[in-house]
Amino acid sequence: MVRGRSKEGDSGFLTELKQRIKIEEELVEAVKGRVPTGIKGFDELVRGGLFRGGTYLVSGVSGAGKSIFCLEFLYRGASEFDEPGLYISLEEHLDSLLRNAKNFNWSIDELVDQHKLILLDLSVVAVGEKSLSLNPDVFALDGLYATIEAIVKEGGVKRVVLDPISVLFLQYGNPGVVRRELNIISSMLKRYRCTSLFVTETEYGKPGITRFGVEEFLADGVFILYWEPEGDKRSRYIEVYKMRGSPHYEGKKRFSISEDGISILF
Amino acid sequence: MKSEKYKIVIFKTNRTPGYPQVLRTVRSSLKKLNLNLEIEEVDVSENPEMAVREGVISTPTIDIVGINWRFIGLPTEEELIVVLEALKEGESLGEREK
């Protein structure tokens, strides 16, 4: 609030005005190169949005709302910010995801028809009836890399979701190699200026922000979703645990899920 | 005579670790079983549409076409032989039925 001016306060007034202008300019600069998520209230928590080309981890227990958060990130990007998105399901069959999406006022089918949203099912179910032998000690995730790169290039994709990456750690058994390979994919996405969300899981009641303890090191930011019992109900919370290069709200915030999507409650 | 019903498809890139060994293992397994199968090598970085279509996330991935078997990673010769023997059974049955 600007204080009243007086002859002695003129310099004080001007100083305060300059400070306010500086803060505004810093905010404008900060928002440049930022990608608004479009998720109600979330961009305020991260002071304007995500950094373009960044990779962010969305972590949480089962049922916390991670997939909905990510799907809304893509939905808002495609419908409000003209940023086509790619959702890659590594575990849940897409039919199940789309069934959940029908609970919202989101025109997912329309965006898919317009090629603004690409849904790719790489879950085990999608592999079909093949019998599998796994010897995953020696491998490269270059099939995933090639798939993502091809779709990003052809579709002009600007937002990508990998859901969940934890299944890669479980299937391939060598967390160091998985982390290296995901870093390679992340670098490729940065080159294409794609902003990405990688989903990972935690186990309820167990310490640690990620299940395997390495996922957070490959991300520019970490958002944790969880729920806490409150009496006979459960309340959902979100926390910006890490946000490289930007101040952010520290602490947990309640959020709700309605037919319009996620809303952070202030 | 080469089987037309069965073949081996190996998905790889130039980053695939242990690739020369994969090829050697497949060839020696086929030789031990006296199986004459086509080996098709698919570089997924040059053919990403095949990676998408076949759901190939990692390499090496080896598909035994005709018996719907997939190896993810580096199989041992013993593991390959066990699976290929089933294929050989199928070939023998096919021949007897002709």
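The values are calculated or read from the model by the stated rules, or taken from the named source; none is laboratory data. Treat the numbers as computed from the prediction; the structure is a model and nothing was measured. For neighbour counting, all protein chains shown are included, and Cβ atoms are generated from backbone atoms with ideal geometry for every residue, glycine included.
When you check A:GLY48 against the structure, is it out of contact with any Phe, Trp or Tyr (no Cβ under 8 Å at 6 or more places or on another chain), away from every other protein chain (no Cβ under 14 Å) and at pLDDT below 95, yes or no? When the stated conditions are applied, A:GLY48 passes them.
Select from the range B:3-43 the residues that are of a type in the set (D, E, K, R) and more than 8 Å from chain A (Cβ to nearest Cβ) and list them in ascending order. B:GLU4, B:LYS5, B:LYS7, B:LYS12, B:ARG24, B:ARG27, B:LYS31, B:LYS32, B:GLU38, B:GLU40, B:GLU41, B:ASP43 - these are the residues of the range B:3-43 that are of a type in the set (D, E, K, R) and more than 8 Å from chain A (Cβ to nearest Cβ). Looking at A:LEU98, A:LEU132, A:LEU162, A:LEU120, just one residue is within 30 Å of B:LEU84 (Cα to Cα) and hydrophobic (A, V, I, L, M, F, W, C), and that residue is A:LEU132. From the list B:GLU78, B:GLU89, the one residue that fits, being more than 9 Å from every other protein chain (Cβ to nearest Cβ) and at pLDDT 90 or above, is B:GLU78. Checking each residue in the range B:13-23 for being more than 18 Å from A:ARG180 (Cβ to Cβ) and surrounded by 12 or more Cβ atoms within 10 Å (Cβ to Cβ) picks out B:GLN21, B:VAL22, B:LEU23. The residues of the range A:243-255 that are more than 17 Å from the chain's Cα centre (by Cα) and surrounded by 12 or more Cβ atoms within 10 Å (Cβ to Cβ) amount to a single one, A:ARG254. The condition (being in contact with a Lys or Arg (Cβ under 7 Å, 6 or more places away or on another chain) and at pLDDT 95 or above) is satisfied by just one residue among A:SER246, A:SER263: A:SER263. Only one entry in B:GLU54, B:GLU46 is within 13 Å of chain A (Cβ to nearest Cβ) and surrounded by fewer than 18 Cβ atoms within 10 Å (Cβ to Cβ), namely B:GLU46. Listed by position, the strands (runs of 3 or more DSSP E) inside the range A:73-153 whose residues that are modelled with pLDDT of 85 or more and more than 8 Å from chain B (Cβ to nearest Cβ) number at least 1 are A:85-89, A:117-121. Suppose the filter is modelled with pLDDT under 95, under 16 Å from A:GLY54 (Cα atoms) and touching a helix residue (DSSP H, G or I) at 6+ places or on another chain (Cβ under 9 Å); does A:GLU215 pass it? Against the criterion (modelled with pLDDT under 95, under 16 Å from A:GLY54 (Cα atoms) and touching a helix residue (DSSP H, G or I) at 6+ places or on another chain (Cβ under 9 Å)), A:GLU215 qualifies.
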